[in-house]
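So the structure is just underneath, and the comments pick up after that.
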Amino acid sequence: MWNWFILMLILFCMFYSSKSSSVRHFPSDFMWGVGSSAYQIEGGWNADDKGESIWDYLTHNRPDKIDDHTNGDITADSYHQWRRDVQMVRELHVSTYRFSLSWPRILPNGYMNHVSNAGIKYYSNLIDELLKYNITPMVTIFHWDLPQRLQELGGWTNPEIIPLFKDYARLVLELFGDRVKTWTTINEPWHICEHGYDVEYNAPSYNFPGIPAYLCGHNLLKAHAEVVHMYRAEFQQRQGGRIGITVDTSWQEPRNRNNPDDLEASERTMQFYLGWFAHPIFSRHGNYPKVMIERIRNLSKQQGFGERSRLPEFTTEEIHRIRGTSDFFGINSYTSFLVSPNDHNNSAGFPIPSYNHDVGVVFDQNGVDWPSSGSEWLRVDPKGMYHLLKWIHREYNAPMIIITENGVSDRGGLADYARVDYYNLYLSAVLDAIEDGVNVRGYISWSLMDSYEWKAGYREKFGLYHVDFNSPQRTRTPKISARVYANICKTNAIDWSYRPELNEQQLQAAARLPAESVARTNSAATLSWSCTLSLLLLLLLARHC
Ligand code: BGC
């Protein structure tokens, strides 16, 4: 009996130590990348003939809506520093750089009657420079900076946005498609619609709960689908590229996994958050998730809206036209939330009607030991990434997944060991999912450099590179995480033992930077649970041998 027990223990230990050994390799064709977005890094907000975006408008007219009252007028000045950006991308050993095009830099008013040559030249140069060094550009056509003139027409709530987005997309596909082979139409529809129209976190900052967010989503899905159909009909064969969408969600962890109500709340939130945009495109039958259609229809009726649900309906033809319009599943995810049902009395206190009230759950991050970060909403729960990938795999019939954004914020400093831990932990979770059969083909870290973090201004830093926002050149310096991520991309593996100290270049830079950047402590390595478990089992084994 004891012999059998010891044998099982040895096998268990071998299994665990292989899983938690300090080096773990990714599949040989795994794609590594790093990302940024136009408004967050470019600056040059009115350079040459660039038009005003909704973020220019919001930050200039309502600075009070931004935590530190700043704007992206200059930010990291990539409009001028783009050569240095490409150099950084090279230093990271990634094969892909994901960046976005600014619609008002290319079409200042949003319309085709004014095309900016300066804007086109800027992106053309950037693409050429990347290709010169064998770096694949992955281009997002829209990452939140809508031309302000189009917002004055209602932005994404006006169906007129569909042909306008198509015109803009046709132009950029025509201009850059000879060199760009991976496109995403739109970054994070959920954030655009829910945070822009339902609550006032993102431009255009409507604070009009329960109605326009769903109109936004409806038009956005149709606009996305039209662009993909156009690409497939007019460009794909001749240019030989691929096109998709990037959706986003946090993992919605049931507050208590033994409570069926919490399990249901988790599933419902996944459907309302990720499913709102992923179900119409990736599911077998298309359309919005059933639970969304039914809940919003019933609540609309109860709330006196009559027979017409606040969630617009697709025609059968539209359902077919939207379904299948993505060559890959682009997912952005950073964190997890705990969910349980909101009771009938709405003790969560959501406005009625509102998206949050429609979802009908209470969500927070209280009572868990997930480490915190530089952002209030972002806690470190790598297991959540594993659950999310498995959920996507199950729900959408094993799509080819590219993680188009994942990363963590802090409040500054070059010795960012917490970010190193985050990457190691989240990438281990991704690898666990791959080993369990999920088809994840690439990972794009967020972000190349510190940048304008939307409503949070410059306080929250996601960069692998530090940017000195006080220097005229916006000097960039690699953080420790940049060196670790470069090592991951170069070796195609996570190596927990690789935790370099600040080198000479970093020390010199640190000496010039404000005190927050100088912290040098190499915080103790975060021991993963599996690692701890292995140690315990080994100790146990030693006692029995
Ligand atoms: C956005 C990025 C942003 C990141 C961190 C994502 O939702 O696509 O632009 O910087 O989250 O907040």
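The values are calculated or read from the model by the stated rules, or taken from the named source; none is laboratory data. These numbers come from a predicted model, not from an experiment. FYI the Cβ positions are ideal-geometry reconstructions off the backbone, even for glycines, and counts take in every protein chain you see. For the accessible areas, the whole protein counts, side chains as well, though only heavy atoms, and no ligand, DNA or RNA atoms are used. Shrake-Rupley method; radii C 1.70, N 1.55, O 1.52, S 1.80 Å.
Here are the numbers:
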read-out	value
Candidate residues SER497, SER445: accessible-area rank, largest first, probe 1.4 Å	SER497, SER445
Karplus (6.51, -1.76, 1.60) ³J(HN,Hα), θ = phi - 60°, over segment 107-119, in Hz, Gly and Pro reported as x	10, x, 9, x, 9, 6, 6, 9, 9, 8, 5, 5, x
Residues of type lysines that LYS455 reaches as a straight line, Cα spacing below 26 Å, ignoring anything fewer than 8 places off in the same chain	LYS50, LYS65, LYS479
Long-range tail of P(r) for the chain (Cα pairs > 33 Å, %)	41
Exposure of GLU453 as accessible area (Å², to 10), given a probe of 1.4 Å and all protein chains	30
The chain, helix-only ellipticity at 222 nm - DSSP H runs n ≥ 4, -39,500 (n - 2.57), divided by all residues, nearest 500	-12500 deg cm²/dmol
List GLU405, GLU160, ordered by accessible area with a 1.4 Å probe, largest first	GLU160, GLU405
Solvent-accessible ranking of PHE99, PHE208, largest area first, probe 1.4 Å	PHE208, PHE99
Reference-scaled alpha-carbon Rg (2.2 N^0.38 Å with N residues) for segment 115-167	1.47
Antiparallel content of DSSP bridges confined to the chain, in %, to 5	25
Rounded, prolate or oblate (a/c below 1.5 giving rounded, otherwise prolate when a/b exceeds b/c) for segment 50-152 by Cα gyration tensor	oblate
Space enclosed by the convex hull of the alpha-carbon atoms of segment 385-495, per residue, Å³	112
Under-5 Å amide H pairs with THR136, H placed in peptide plane, nonlocal only	THR96, TYR97
Options TYR57, ILE41, HIS25, ranked by Cα towards positive dipole end of the chain, top entry (Cβ charges)	HIS25
Phi to ³J(HN,Hα) by Karplus 6.51 cos²θ - 1.76 cosθ + 1.60 over segment 225-241, Hz, x for Gly, Pro	4, 4, 5, 5, 4, 5, 4, 5, 7, 10, 10, 4, 5, 6, 9, x, x
Residue-level accessible surface for LEU101, protein heavy atoms, 1.4 Å, Å²	0
Hull volume in cubic angstrom per residue (convex hull over the Cα atoms of segment 58-114)	134
Part-to-part distance (alpha-carbon centres) for segment 65-132 and segment 294-355, which is given in Å	34
Cut-off under 5 Å, modelled amide H: who pairs with VAL339 long-range	GLU253, ARG255
Pairs beyond 28 Å (Cα-Cα), from LYS222/LYS301; LYS166/LYS301; LYS181/LYS490	LYS166/LYS301
Paramagnetic reach from ARG257 (point 7 Å along Cα→Cβ, amide N under 17 Å) across segment 422-440	429-430, 432-433, 436
Residues with amide H under 5 Å from that of THR249, placed H, sequence gap 5 or more	ASN332
Whole-angstrom gap from segment 209-264 to segment 365-393, using each part's C-alpha centre	21
Rounded accessible area of THR316 (nearest 10 Å², 1.4 Å probe)	90
Efficiency of FRET between TYR133 and LEU171 - r from beta-carbon atoms, R0 22 angstrom, step 0.05	0.25
Mean Cα-pair separation over length for the chain, i.e. relative contact order, pairs under 8 Å, 6 or more apart, %	17
